[in-house]
Amino acid sequence: MDTKEQKHLNTELQINNFRTALKGFKNLVEQAAAQKRDERGGLLTQKEDVIDYDKFYEVVQELFGPEVKSQDVKSFYRKLCNNPDVPIDWCEIFGYFSSEEDSLASQMDEENLVFLISRKQRVVISGSRRRDVIKCIVKVPQLDLLITASQKGLITVFNSQMRVQTSTSVTDTSWITGCDYLSQLKRIVATTERTIIVWDYKAQGSGQESYFVIKPMDHCLLCVCVVSLPNQLCRDDILLGDDGGFVNKFTINSDDFGLKQAKSKKKLQSQVLDSKNFKSVKRKLHNDWVMKIRYITPLSCFGSCSLDSVHSLVLESLKRLEDNLPVREFSMPRGANTFCYCTKANVIVTGGDDKVLRLWHPNISTKPVGKLLGHMFSITEIVTNEKDQHIISLSSAKVFRVWDVQTLSLLQVFHDSHGGPGDMQIYSMVYDSNHGMLITGSSVMDMYPLTRMVQDTKQIPHTHEREINVMLYNRYFHQVLTVCSESIIKVWELETGLQIYQILDPHGFSVELTSAALDETGFLFATGAYNGTIKIWDFGSGQEMKVLPEGKDWKEEEHWLRHLVFLKAQEKHQYLILTLERNGKIKMVQGTEEDLYLVVTWELPNVVPLLQDGNHTVHLKPCPKPRNMHIPFPDVQLVEKNVSQCVNSPDISTEVNCIDLLQVEGYNLIAAGTLNGVIILWDFINLTVKELYRPEDCFIVDPDLDPKRFRINNILFLFRNPECARRPSQDSVCSSSQCDSSKGPQSSKGSKQSIHDNEVKGEQHDVTAGLQQPVDKKHPAGIDTQPPVIVTAHEDGHLRFWKLEGKLLKNMLPFTKHSAISLTSLCTDLCSRILLTGNVEGHVILCSISSFLDPPHEEKKLKQLLVWRAHSLEIVQVIYIEDKQLVLTASIDGSIRLWHAFSGHYCGYFGQRRMFELSQSSDFILPCDVNEYPVEIKEENKFTEKKQKYEYPLVFDRQKWKKMSSMSLLFKRTPPKAFEVDHDFKFFKSLSSPKIRRRALEGFLTENREAGVVFGSLPIYRVPSPTSLRFLPLIGSEAQRESANSIAGKKKGGHVQHDKVSRRKSLKRHLVPQINLASSFFPSIPK
């Protein structure tokens, strides 16, 4: 009764908690609905009390728990915002009345599972005997090798490309039962029923086929494993399990094989060694066959399993094999066929003939911590995927099951249908963590790749059928909108990559969309087409709201829309859109909820002809017009005296190509970049138009040069609002080696390149920390905001930074694989601390501009941090997602790809079947059409700015040599031979550093970025001219000269006489042998 009462009380408590949560949810909905009604009525809400989507979702999770799906909450919130008075049921927050199928379930198919069965690869081992099967497979991760041993004696070694590196055939009458790799001896060990085989797979020539056979054995060997102990040198311990229930430990030394091989004159294919000569111990631990034995390095113990129901699994240290002390035993019905250890979860998984997977804690042998049911046949193999925390189990019916260790849930079931009834058994299975692949061995070897590995590396990223024209990011709903040239609008969920909805032919059949914009609230978006039509849509539902129809007298493509910008309206229910047409005209379109259509109400006059006449500043005058609504820009016209008639050459394009606007306190600006490279700044506060920059010869036609060479492809204002100015500025962005959440694209394989690889402790700054720091409210509000800076992306590949007065602050050519690649897109964060740009070859360039924007705008503070290849074709748009530190890239190849901003790691593409994994992954992968690794440019600092010094190598010291030379050598009249010099005195001890004219090589960086990544970063050394070799003294040259004179005198018949004094003086000269060491240390210099 006590138990029933307790359950009844728990049920009542849960019901009361749920009722409380419903009341809180009702209050939340009423507050949000009241806020929306006030906004529609024109009332303003305090910023602290605004219930946006993030706050709404957070409160819902607090009420109902994290099981509530974000997609259901978003749909509910959109419905509430669109119509606050509509009746709403609390069940909708759980998607109960949702008419659509669950987005995850609808897209859940084979491609979304763990292993991609359709991409299974099969390897048939050549040279295997008839009816042979692969009995054992071993993966050597440190060498990236795969070792297979067939039942009839074929041992094969595969490299990382799954190509046969070497193989041998064991001519033994008994079958092979297992194999492993000897990490210290660098050999392969295999066991047959009565022998141990040791094979040196690296031997060359005829020795490649030879191996050692250790026999006899007391029992039939069934399994083998190698004990991995790092403190052992030239020695390996192997553990053997036999049919008598014994566990044997053999110690194998390198001397056991090296001496035998040296003594044998004739190399035989097999050399027999007596097992009694090896150190071995054994102990009976089971009452039945030992089916599997493994050494678990994290636990510093071995494990062996048997078909014994009492002593099913033994887990103990190696010392217990040498004594008779009790051991840790795990019991299970009908024993265990196999087991494995999961390091992260710290559990041992066992499986046997009772068809149950049991999870055991290593220190608790009385009861398993969990059970996994589902197999219908005996379990024969178990392996683990440590990275994803998966367990893969195999039954005797060749049925695979993939389990999640943490949740104990079943993720995937698949069956190997190869072969007939006689080929049903799979004898071995291993998981290759290096390549994300499950490998099984039967009569053939099958490889099942992970789905994410196939989709990320082999499938071509494909988001749209045609090239991408526009990409937008809704940071309020965390969704991405894409538009292709085929006029298809798609909306995607950022966290998962799943498609929410799509709109076909939004502006009519075969009408291409060329531009789009999102309003500041995230509830509306606008699209523009090549025929000049504009439509406003509801972002949540995709419903059309307003339209600007095509004019009757419009010519085809005359009003092609290049760019749209949603303006902030001063009044409620008012829509304002700034447009840029391909003919260079800048207009404003507006409308209200009561209007049927949008209308063009404002247009800027054309000032390019006036600027062409040499006027750097053109004044405007207000021209008020009667309006029903307030617009953010005044009506202006050119001053009459400035009007000029100027005819442009038809071969020169002077139209505006890109615009950006800045509307903050104190500034009301529009910046424009033209096709011929002119930068124009409209100032609506001072009513002026300035020409900030004009390239030389931009109005001159040269048929030999590219007419697009001056074109400005994008323009952007860099401005920090007062909130950002309060935050402490950071000097650089964290690199992949400095962030805790990111690692280099490759750590041990050397895939990641680095430029200026210099790091200094204590001077590493991180802008990402600055981006996420909250605003310091205690900081005084009186902070002077810095004037904005304009950045332009040019066709010649340069980034140029300008003041509003027209002064060039920095002309930067970013590092890429090839120099001078045209830049196409610009993007920055809210506080203008980083700058992202894309080019026509698919590169993304990340720069730190945080310190550079602070006066006096020092050029050295503008630093490029990272560059990576994101696409094989031109990038159309780059978007930085600040809260998640991700980068979205859109290209003409039709794909939208997602990347980690500060490491260049590839996350996936929109349209892939599996969901995104936005957490930083240790597996560095690239799309199939990209083969370049990210290049990280590490910042230079004051310690590395010093000139590097390289000293000369050691030179021969004659005085030191005289003191060390032996007397027998010094008194020889003839020059000694080379071997006499080497053996008679210590030549290398006579070497020393140069003492005269000790000058070092001076190295400096060229900083020639036009040369590209490689040649632009090579150092150049200035080497002072060495002394000519003609003036270097030769050791023993004087003795040689005198000896030659004496010989010449004898040949002529003359008698050479010397007095005693001269002979004594020349004696010392003869003591020095003739050795010319100059040519050994100085290269020959051509005359």
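The values are calculated or read from the model by the stated rules, or taken from the named source; none is laboratory data. Just so it is clear, the model here is predicted, and its values are computed rather than measured. A quick note on method: Cβ atoms are made from the backbone with ideal geometry, for glycine too, and the neighbour counts reach across all protein chains shown. Just so you know, the surface numbers come from the protein's heavy atoms only, side chains and all, with ligands and any DNA or RNA stripped out. Shrake-Rupley method; radii C 1.70, N 1.55, O 1.52, S 1.80 Å.
Here are some notes:
- Qualifying positions in the range 338-381 - within 22 Å of Tyr431 (Cβ to Cβ), open to solvent by 20 Å² or more (accessible area, probe 1.4 Å), in contact (Cβ under 8 Å) with a residue 40 or more places away in the chain and not β-branched (Val, Ile, Thr): Tyr341, Lys344, Ala345, Lys355, Ser378
- Given (1) within 21 Å of the chain's Cα centre (by Cα); (2) surrounded by fewer than 20 Cβ atoms within 10 Å (Cβ to Cβ); (3) touching a residue at least 60 places away in the same chain (Cβ under 8 Å), number of the condition Tyr909 does not satisfy: (2)
- The residue that is least open to solvent (accessible area, probe 1.4 Å), counting only those in the range 486-521 that are over 31 Å from the mean Cα position of the chain (by Cα) and among the hydrophobic types (A, V, I, L, M, F, W, C), is Leu513.
- Taking the numbered list (1) at pLDDT below 90; (2) in a strand (DSSP E or B) in turn, Gly497 passes all entries but (2).
- Residue count for the range 526-545, restricted to those that are touching an Asp or Glu at 6+ places or on another chain (Cβ under 9 Å) and open to solvent by 20 Å² or more (accessible area, probe 1.4 Å): 5
- Which listed residue, of Ser891, Ser819, Ser872, Ser895, is free of Cβ contacts under 8 Å to residues at least 60 places away in the same chain and either open to solvent by 20 Å² or more (accessible area, probe 1.4 Å) or within 24 Å of Gln499 (Cβ to Cβ) (or both): Ser872
- Restricting Leu836, Leu809, Leu804 to residues that are within 26 Å of the chain's Cα centre (by Cα) and aliphatic (A, V, I, L, M) narrows the list to Leu836.
- Against the test of being farther than 30 Å from Gln151 by Cβ and either among the polar types (S, T, N, Q) or in contact with a helix residue (DSSP H, G or I) (Cβ under 7 Å, 6 or more places away or on another chain) (or both), the options Asn337, Asn434, Asn385, Asn363 yield a single qualifying residue, Asn363.
- In the range 430-462, the residue that is modelled with the highest pLDDT out of those that are open to solvent by 10 Å² or more (accessible area, probe 1.4 Å) and either of a type in the set (A, V, I, L, M) or more than 27 Å from Val164 (Cβ to Cβ) (or both) is Val430.
Table: residues versus (1) open to solvent by 60 Å² or more (accessible area, probe 1.4 Å); (2) free of Cβ contacts under 8 Å to residues at least 60 places away in the same chain; (3) more than 39 Å from the chain's Cα centre (by Cα); (4) farther than 27 Å from Ser304 by Cα.
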{"position": "Asp144", "(1), (2), (3), (4)": "no, no, no, no"}
{"position": "Thr177", "(1), (2), (3), (4)": "no, yes, yes, no"}
{"position": "Leu182", "(1), (2), (3), (4)": "no, no, no, no"}
{"position": "Ile196", "(1), (2), (3), (4)": "no, no, yes, no"}
{"position": "Tyr201", "(1), (2), (3), (4)": "no, yes, no, yes"}
{"position": "Val213", "(1), (2), (3), (4)": "no, no, yes, no"}
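- Candidate set from the range 668-721 (those that are on the phi > 0 side of the Ramachandran plot and in contact (Cβ under 8 Å) with a residue 12 or more places away in the chain); member that is least open to solvent (accessible area, probe 1.4 Å): Gly677
- Complete set of residues in the range 671-712 that are within 17 Å of Glu795 (Cβ to Cβ), in a strand (DSSP E or B) and not hydrophobic (A, V, I, L, M, F, W, C): Gly673, Thr674, Tyr693
- The range 302-330: number of residues that are within 15 Å of Asp354 (Cα to Cα) and among the polar types (S, T, N, Q): 3
- Restricting the range 875-888 to residues that are closer than 17 Å to Ser822 by Cβ and touching an Asp or Glu at 6+ places or on another chain (Cβ under 9 Å), the residue that is surrounded by the most Cβ atoms within 10 Å (Cβ to Cβ) is Ile875.
Conditions tested, residue by residue: (1) within 42 Å of the chain's Cα centre (by Cα); (2) β-branched (Val, Ile, Thr); (3) surrounded by fewer than 21 Cβ atoms within 10 Å (Cβ to Cβ).
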site: Lys292; (1), (2), (3): yes, no, no
site: Thr297; (1), (2), (3): yes, yes, yes
site: Cys301; (1), (2), (3): yes, no, yes
site: Ser306; (1), (2), (3): no, no, no
site: Ser309; (1), (2), (3): no, no, yes
site: Ser317; (1), (2), (3): yes, no, yes
site: Pro326; (1), (2), (3): no, no, yes
site: Ala336; (1), (2), (3): yes, no, no
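- Some residue of the range 152-161 being part of a loop (DSSP other than H, G, I, E, B), touching a His at 6+ places or on another chain (Cβ under 7 Å), more than 30 Å from Val213 (Cα to Cα) and at pLDDT 75 or above: no
- When Thr148 is tested against (1) in contact with a strand residue (DSSP E or B) (Cβ under 7 Å, 6 or more places away or on another chain); (2) among the polar types (S, T, N, Q); (3) without any contact (Cβ under 8 Å) to a residue 40 or more places away in the chain, just one condition goes unmet, and that condition is (3).
- Among the residues of the range 325-349, the ones that are closer than 16 Å to Gln406 by Cα and polar (S, T, N, Q) come to 2 in all.
- Residues satisfying the stated conditions in the range 707-722, i.e. closer than 19 Å to Ser848 by Cα and either among the acidic types (Asp, Glu) or at pLDDT 85 or above (or both): Asn714, Ile715, Leu716, Phe717, Leu718, Phe719, Arg720
- Candidate set: the range 556-593, residues that are within 42 Å of the chain's Cα centre (by Cα) and hydroxyl-bearing (Ser, Thr, Tyr); chosen: the one surrounded by the most Cβ atoms within 10 Å (Cβ to Cβ): Thr579
- Among residues of the range 390-419 that are at positive phi, those with a Cβ under 9 angstrom from a residue that is assigned to a strand (DSSP E or B), sequence gap 6+ or separate chain, pair up as Lys398/His415; Lys398/Thr440; Leu408/Leu359; Leu408/Gly370; Leu408/Lys371; Leu408/Leu372.
- Only a single item in (1) modelled with pLDDT under 90; (2) closer than 27 Å to Ser304 by Cα; (3) open to solvent by less than 40 Å² (accessible area, probe 1.4 Å) is not met by Met424, and it is number (3).
- The range 164-173, residues that are open to solvent by less than 20 Å² (accessible area, probe 1.4 Å) and either over 17 Å from Leu146 (Cα atoms) or over 41 Å from the mean Cα position of the chain (by Cα) (or both): Val170
- Which numbered condition Arg833 fails, given (1) more than 30 Å from Lys708 (Cα to Cα); (2) open to solvent by 10 Å² or more (accessible area, probe 1.4 Å); (3) modelled with pLDDT of 85 or more; (4) not hydroxyl-bearing (Ser, Thr, Tyr): (2)
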